[in-house]
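Encoded as structure tokens, the structure appears first; notes follow it.
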Amino acid sequence: MEDVQDPGAAGRAGPQGATPSNGAPRAPGGVPFHALSCEEALAALASSRQGLSQAEAAARLRRHGPNVLPERRRAGPVRRFLRQFNNLLIYVLLVAAAITAGLDHWIDTGVILAVVLVNALVGFMQEGRAEAAISALQRMLAPQATVLREGKRLRIPAAELVPGDVILVEAGDRAPADARLIEAVRLKAQEAILTGESVPVDKSTEPAAADAPLGERRSMLFSGTLVVAGQGRAVVAATGAATEIGRISGMLSNVEELTTPLLRKMDAFARWITALILLGAAILLVYGHFVRRHPFEELFLTVVGLSVAAIPEGLPAVLTITLAVGVRKMAERHAIVRRLPAIETLGALTVICTDKTGTLTRNEMMVAEAATSAERYEVTGEGYLPGGEIRPLGETNGEDAAIAALVEAAMACNDGALVDRPEGRTIAGDPMEAALLVLAERAGRLQERSGIARLALIPFDAAHRYMATLDRMPDGAVRLHAKGAPEAILALCDGEMAPDGRPRPLRAEFWQAETERMAAQGMRVIAIARREASADERPTPETLTGGLTLLGLAGLIDPPRAEAIAAVAECRQAGIRVKMITGDHPATASAIAAMIGIEAPERVLTGRDLDRLDDAMLIEEARLTNVFARTTPEHKLRLVIALQQAGEIVAMTGDGVNDAPALKRADAGIAMGVAGSDAAKEVADLVLTDDNFASIAAAVREGRTVFENIRKVISWTLPTNAGEAAVVVVALLAGLAAPLSALQILWVNLATAGTLGIALAFERTEPGIMRRPPRAADAPVLDRTLVWHVIFVSVLFVAGAYGMFNYAMGRGHSVELARTLCVNTLIVLEVFHLFFIRNFHLTSLTWEAVRGTKAVWIAVVVVVGAQMLFTYAPFMQAVFATRPVSLIDGAVVIGVGLAFFAVVEVEKQLRLRLSNGAGPAARRGRGYR
């Protein structure tokens with residue numbers, strides 16, 4: 001083997017090639033692939049234009065390994081565990097532990113260290129969940145590649161690519177490996193991630209100089225770069241770590257770390273409140289020692305317990321767990337969250353701008369009707385399945401050459417493919433093109449396609465809105481075929497085909513009326529035309545300006561998804577307006593919108609209408625209109641900006657490379673996982689794995705649930721922490737006997753912080769959550785309702801604790817027993833508060849509310865079990881100075897919990913009645929739009 005500098009790279013580059021560590025992949029003899037001709041590159045890789053066989057591909061995959069980049073090293077479990085001790089509260093507790101140890105209070109030291117350990121374990125578990133969620137996302141976002149195997153077009157995971165595979169790429173794809181181009185039609189690639197140059201690079205099949213710099217290797221596609229225009233075919237020269245991106249960066253990851261603005265906001269809030277509590281604790285320490293003359297050691301331990309009780313140290317960990325649970329639930333609903341802020345945004349959405357095809361509809365196009373200059377034809381059958389026929393709808397029995405020519409042109413000017421497998425038929429390529437192939441099959445002519453040789457291509461582009469091919473037909477004739485939007489094709493036609501096959505003058509008004517008629521029935525209408533040509537022509541959009549003969553129209557229908565109809569209705573109920581943005585004809589868009597249930601489907605704006613509107617007018621029209629037709633990706637971007645300027649929170653769906661700006665600008669960009677381009681997925685916040693609008697509605701529901709669960713966690717944590725602290729603060733300030741010792745305060749925090757709060761992360765979606773108006777995007781987490789709830793619950797906690805303490809002392813119980821009853825009372829209050837918070841917007845007095853969830857009851861059982869040990873176990877009595885509680889006293893404790901639950905429930909019902917009678921302004925004040 002020649003010029004092999006990296007022994008392991010030989011297999012990666014190809015059967016006989018090598019990838020030196022300091023350069024491009026090379027063939028035997030040391031010549032880089034970009035300097036070889038197409039045939040030489042194929043020969044060096046032991047491949048052909050038809051691709052590898054399945055057996056050879058499998059053998060190479062075993063030999064070279066998967067086409068993936070090395071994973072970055074993740075922190076091991078020990079390092080992740082030690083990392084949990086790096087925060088302000090832990091430092092405070094460790095200093096307190098050291099001081100108590102210096103004072104020989106070893107029991108206090110042990111309890112403080114136990115609190116530290118529990119906090120670290122909670123953080124360790126949440127980081128494990130976060131990393132598991134990220135790994136799951138990486139697996140679900142695995143890129144796909146289109147390859148030729150034994151001449152058949154297949155869609156496979158990019159990880160299964162091997163050197164020698166022939167791949168097909170088009171605008172919007174991300175190159176899955178380093179590959180030598182063997183065909184290129186107006187191909188351009190964005191290589192900024194490698195070269196830093198923002199201008200796309202024109203690609204060709206001509207060899208480049210052997211010493212050409214990376215940016216000038218125009219005959220190569222590089223892994224990770226984006227194809228922004230045209231189409232191409234290339235043979236894979238290097239995979240995995242042997243690619244240019246693998247050599248330079250070592251790892252390319254599109255999944256972000258598990259962090260959100262909400263988490264950062266709550267982390268800052270926790271730091272701020274920690275500093276405030278420590279300052280207050282210091283003041284209390286000074287006040288209690290110098291004013292109230294409490295012994296310093298006892299006072300210090302009490303203040304440490306107060307700090308631990310008041311500081312919500314577990315809040316960031318529980319919030320992250322809640323978000324991680326939300327990620328998993330959304331994935332189960334076919335919505336992969338790539339950027340977690342989208343979870344928060346989904347709860348505030350007011351508008352969803354969606355594509356039609358494949359999202360609201362089934363994306364199983366079929367030709368339902370064809371029209372020629374003399375006749376209309378009905379096409380029967382089901383979707384892409386074989387069977388069905390083409391039947392004339394009129395009374396004419398004469399020969400119609402135009403329908404035969406239309407069918408022939410439809411299968412020639414076509415990049416689609418029908419794939420028959422044991423499990424059923426699938427398609428490759430555009431669904432519309434697959435439907436045209438099925439039309440040819442129903443005409444009994446699909447077998448003729450193998451005899452058509454393509455000589456040149458003008459790929460479809462949104463700028464000219466048609467596709468054209470130059471083809472040598474089985475009979476030797478050379479023809480130019482074109483298909484596309486009726487307006488675009490009619491502009492290129494000088495005549496139409498008569499039934500006898502001869503051209504005659506074009507009746508523009510007739511075809512316009514036919515287009516309107518078919519579109520009004522919800523059909524997507526395409527026009528098909530042709531002309532005789534010569535084999536040496538190389539048409540371009542600039543040179544193809546006329547001279548075609550119109551063959552007829554094909555009306556395709558893509559039936560609405562039944563689940564999309566239900567989802568649109570659910571969104572309307574949730575106060576979210578659905579706007580359909582499509583490139584279809586206005587009449588088609590209006591008909592489908594009416595079927596789907598979109599409001600005011602008769603009001604349609606086209607791309608031309610949008611172009612005539614200035615920005616101020618567009619804002620108003622964008623708010624009032626729900627159906628937009630004949631639009632381009634540029635129009636999508638303008639609509640997003642206009643709606644945002646109108647104060648809307650906007651989600652935008654997209655699948656093409658040109659949709660990326662609109663997806664990025666939207667508050668929540670949603671890419672299609674099946675039909676979407678890699679460019680769209682890269683900038684999107686969510687990726688739908690089933691391309692179904694119903695999954696968007698489900699994601700909104702889950703997003704609202706996640707945010708509600710976060711609010712529940714906060715609404716449970718802050719009042720209970722404040723209530724625990726308030727009990728101690730009142731005692732110190734008023735000079736009363738403390739109803740809890742310092743160790744007992746630590747125990748309450750230890751028993752509940754890592755159990756009850758976490759249970760709320762697993763709460764189910766509340767009934768009616770999709771009947772509430774969207775949450776205001778700028779709504780504070782700590783709003784007026786929650787501030788009031790914190791104050792109200794803190795007062796009730798103080799009343800409950802001191803009421804129980806005075807009850808016990810009044811019955812002649814010892815101080816130790818009275819404090820034991822106080823601790824049990826606080827625990828019971830927190831458990832009842834948990835059940836109350838689970839239904840913060842609804843009544844808690846239902847069987848469903850009482851039944852709870854598995855997570856809630858596990859948490860309650862753990863806490864009750866720990867409290868039984870705390871109260872009755874001799875070793876716990878020795879540590880915490882507790883005493884056994886009688887059955888009667890235990891019933892009183894439960895009674896206090898029930899009374900607390902009744903009071904907060906009555907307050908909630910009054911609050912809900914007042915809010916239901918309030919206007920929109922009052923509701924917005926509560927954090928809702």
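The numbers here are math on the coordinates, done by the rules we state, and not lab data. Given the structure is predicted, the values throughout are model-derived calculations rather than measurements. No Cβ is skipped: glycine too gets one built from the backbone with ideal geometry, and neighbour counts run over all protein chains shown.
Here is how the numbers come out for the structure above:
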quantity	calculated
Segment Met595-Asp420, length gained on full extension (0.36 nm per residue, minus Cα span)	59.8 nm
Point-to-point label distance, Ser534-Ser814, nm (Cα→Cβ direction, 7 Å offset)	11.4 nm
Peptides ranked, highest mean first, by Cβ atoms within 10 Å: ranges 234-242, 347-355, 411-419	234-242, 347-355, 411-419
Using a Förster distance of 51 Å, the FRET efficiency for Ala453-Ala616 (Cβ separation, nearest 0.05)	0.40
Stokes-Einstein D for the range 734-880, Kirkwood Rh over Cα pairs, 37 °C, 0.692 mPa s (µm²/s)	189 µm²/s
Alpha-carbon centroid distance for the pair the range 502-531 / the range 857-915, whole angstrom	77 Å
Extended-chain gain in nm, criterion 0.36 nm per residue less alpha-carbon gap, Phe85 and Phe875	281.6 nm
Pairs from Lys152/Lys329; Lys664/Lys854; Lys483/Lys636 whose Cα-Cα separation, in the structure shown, is over 32 Å	Lys152/Lys329; Lys664/Lys854
Approximate spin-label separation Arg851-Val795, in nm, with each point projected 7 Å along Cα-to-Cβ	3.6 nm
FRET efficiency, Arg504 to Glu216 (Cβ-Cβ, R0 41 Å, nearest 0.05)	0.20
Whichever lysines have a C-alpha closer than 16 Å to that of Lys188, once near sequence neighbours (fewer than 8 apart) are set aside	Lys203
Additional length obtainable on full extension of the chain from Leu279 to Thr380, 0.36 nm per residue less Cα span	28.4 nm
Nearest-20 debye value, the range 659-769 charge dipole, Cβ charges on Lys, Arg, Asp, Glu	380 debye
Using θ = phi - 60° and Karplus 6.51 cos²θ - 1.76 cosθ + 1.60, couplings along the range 76-81 (whole Hz; Gly, Pro as x)	x, x, 5, 5, 5, 5
Nitroxide proxy distance, nm - points 7 Å out along Cα→Cβ at Leu898 and Ala566	4.1 nm
Cβ-derived FRET efficiency at R0 45 Å, Val68 paired with Ala488, nearest 0.05	0.60
In Hz, Karplus ³J(HN,Hα) per residue of the range 284-289 (6.51, -1.76, 1.60; θ = phi - 60°; x = Gly, Pro)	4, 4, 5, 4, x, 7
Cα centre as origin, Lys/Arg/Asp/Glu Cβ charges: the range 487-599 dipole, Debye	260 debye
The range 668-748: chymotrypsin sites (Phe, Trp or Tyr not before Pro) in DSSP loop, at most 15 other beta carbons within 10 Å	none
